[in-house]
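A.B. asks: Quick one: this structure, given as structure tokens, is what I'll be asking you about.
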Amino acid sequence: MVSASPAQAASTPPFAVDFPQDAPSTVFSSTFGAARSGGRSHQGNDLMAPKLTHVYAAAAGVVIVIDTHGSAGRYIEIQHQAGWSTRYMHLNNDDPGTDNGQADWSMTLVPGLDVGSRVEAGQHIGYVGDSGNAEWTGSHTHFELAHEGREVDPYPILKDAYERAMELRAAMAHWGMRYGDAKLS
């Protein structure tokens with residue numbers, strides 16, 4: 001058996017990752033490390049989708065942050081096992097049909113979700129938006145994956161999770177089931 005190098009081990013979580021949005025409604029590409037204003041680099045992938053598209057927990061864990069920050073806008077962070085975490089930024093802050101930035105948090109996160117809440121993989125946690133510095137870039141979720149607080153390129157893991165979600169959707173359509181009816185064990 002060949003073991004992974006420390007660099008490889010630190011780039012792949014020891015658990016399956018579910019695609020964190022409605023897959024057919026989402027467009028994304030590999031943008032980790034791309035240049036951003038102010039000398040920053042992009043520390044995640046932008047999952048472009050219509051405003052209020054559902055956002056899901058990528059893996060089981062505990063909500064450790066719900067906050068608003070200038071560039072991130074409204075966001076949530078979930079702590080997973082073995083030092084891994086995921087962050088979901090630019091969540092919705094607009095009332096339906098507006099771009100007013102004044103929505104109640106019930107339009108950002110699923111009601112009842114609080115710091116300390118336990119979530120399961122694939123659980124609905126929030127809604128796509130354009131809060132923070134995403135106001136003029138189009139609605140999306142900036143998705144970050146981190147290990148021990150250090151961002152890791154999520155693209156290969158997101159691509160795999162996206163392909164699995166689309167395969168499941170196609171299989172369910174073949175059997176006449178709606179995607180939301182699936183109960184995976």
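A.B. asks: Kindly evaluate Asp104 against the criterion of being under 16 Å from Pro50 (Cα atoms) and not aromatic (Phe, Trp, Tyr).
C.D. replies: Details: under 16 Å from Pro50 (Cα atoms): no; not aromatic (Phe, Trp, Tyr): yes.
No, not satisfied.
A.B. asks: Further question on the same structure: Every residue in the range 91-108 that is open to solvent by 10 Å² or more (accessible area, probe 1.4 Å) and either free of Cβ contacts under 8 Å to residues at least 12 places away in the same chain or on the phi > 0 side of the Ramachandran plot (or both), please.
C.D. replies: To start, the set of residues in the range 91-108 that are open to solvent by 10 Å² or more (accessible area, probe 1.4 Å) comprises 93, 95-102, 104-107.
Within the range 91-108, Gly97, Thr98, Asn100, Gly101, Gln102, Asp104, Ser106 qualify.
A.B. asks: Further question: Could you tell me whether the range 64-83 includes any residue that is aliphatic (A, V, I, L, M) and in contact with a Leu (Cβ under 8 Å, 6 or more places away or on another chain)? Can you show your working first?
C.D. replies: First, the residues of the range 64-83 that are aliphatic (A, V, I, L, M): 64-66, 72, 76, 78, 82.
Still in the running and in contact with a Leu (Cβ under 8 Å, 6 or more places away or on another chain): 66, 76.
Taking every residue of the range 64-83 in turn, at least one turns out to be aliphatic (A, V, I, L, M) and in contact with a Leu (Cβ under 8 Å, 6 or more places away or on another chain).
A.B. asks: Shifting gears a bit: Among the residues of the range 81-99, is any part of a loop (DSSP other than H, G, I, E, B) and of a type in the set (A, V, I, L, M, F, W, C)?
C.D. replies: Residues of the range 81-99 that are part of a loop (DSSP other than H, G, I, E, B), as a first pass: 92-99.
Checking the rest, the ones that are also of a type in the set (A, V, I, L, M, F, W, C) come to none.
There is no residue in the range 81-99 that is part of a loop (DSSP other than H, G, I, E, B) and of a type in the set (A, V, I, L, M, F, W, C).
A.B. asks: Within the range 109-133, take every residue that is closer than 23 Å to Tyr162 by Cα and in a loop (DSSP other than H, G, I, E, B) and give me the one that is least open to solvent (accessible area, probe 1.4 Å).
C.D. replies: Of the range 109-133, the ones closer than 23 Å to Tyr162 by Cα are 109-110, 119-130.
Going one step further and asking which of them are in a loop (DSSP other than H, G, I, E, B), we end up with 110, 120-123, 130.
Values: Val110: 39, Glu120: 99, Ala121: 47, Gly122: 36, Gln123: 67, Asp130: 11 Å².
Among those residues, the one meeting the criterion is Asp130.
A.B. asks: May I pose another question? Test of understanding: among Ile64, Ile76, which residue is assigned to a strand (DSSP E or B), open to solvent by 50 Å² or more (accessible area, probe 1.4 Å) and hydrophobic (A, V, I, L, M, F, W, C)? If you could, list the steps in order and put the result at the bottom.
C.D. replies: Details: Ile76 fails: open to solvent by 50 Å² or more (accessible area, probe 1.4 Å).
Every option except Ile64 fails the conditions.
A.B. asks: Can you name the residue in the range 1-47 that is of a type in the set (Val, Ile, Thr) and either in contact with a strand residue (DSSP E or B) (Cβ under 9 Å, 6 or more places away or on another chain) or at pLDDT 60 or above (or both) and, of all such residues, is most open to solvent (accessible area, probe 1.4 Å)? Show your work before the answer.
C.D. replies: Our first condition is that a residue be of a type in the set (Val, Ile, Thr); within the range 1-47, this holds for 2, 12, 17, 26-27, 31.
From the residues that got through so far, the ones that are either in contact with a strand residue (DSSP E or B) (Cβ under 9 Å, 6 or more places away or on another chain) or at pLDDT 60 or above (or both) too are 12, 17, 26-27, 31.
Working: Thr12: 79, Val17: 11, Thr26: 7, Val27: 99, Thr31: 36 Å².
Filtering first and then ranking leaves Val27.
A.B. asks: Does the range 125-133 include one or more residues that are over 19 Å from Trp84 (Cβ atoms) and at pLDDT below 90?
C.D. replies: Yes, some residue in the range 125-133 is over 19 Å from Trp84 (Cβ atoms) and at pLDDT below 90.
A.B. asks: Now a separate question. Are any of the residues in the range 134-142 under 14 Å from the mean Cα position of the chain (by Cα), in a loop (DSSP other than H, G, I, E, B) and in contact (Cβ under 8 Å) with a residue 12 or more places away in the chain? Spell out how you get there, then give the answer.
C.D. replies: Going residue by residue through the range 134-142, those that are under 14 Å from the mean Cα position of the chain (by Cα) are 139-142.
Narrowing the set further to residues that are in a loop (DSSP other than H, G, I, E, B) leaves 139.
Among the residues that remain, those that are also in contact (Cβ under 8 Å) with a residue 12 or more places away in the chain are: 139.
Yes, some residue in the range 134-142 is under 14 Å from the mean Cα position of the chain (by Cα), in a loop (DSSP other than H, G, I, E, B) and in contact (Cβ under 8 Å) with a residue 12 or more places away in the chain.
The values are calculated or read from the model by the stated rules, or taken from the named source; none is laboratory data. Just so it is clear, the structure is predicted and the values come from calculations on it, not from any experiment. Every residue, glycine as well, gets a Cβ built from its backbone with ideal geometry; the counts of neighbours run over all protein chains shown. These accessible areas exclude ligands, DNA and RNA; they are computed on the full protein's heavy atoms, side chains included. Shrake-Rupley method; radii C 1.70, N 1.55, O 1.52, S 1.80 Å.
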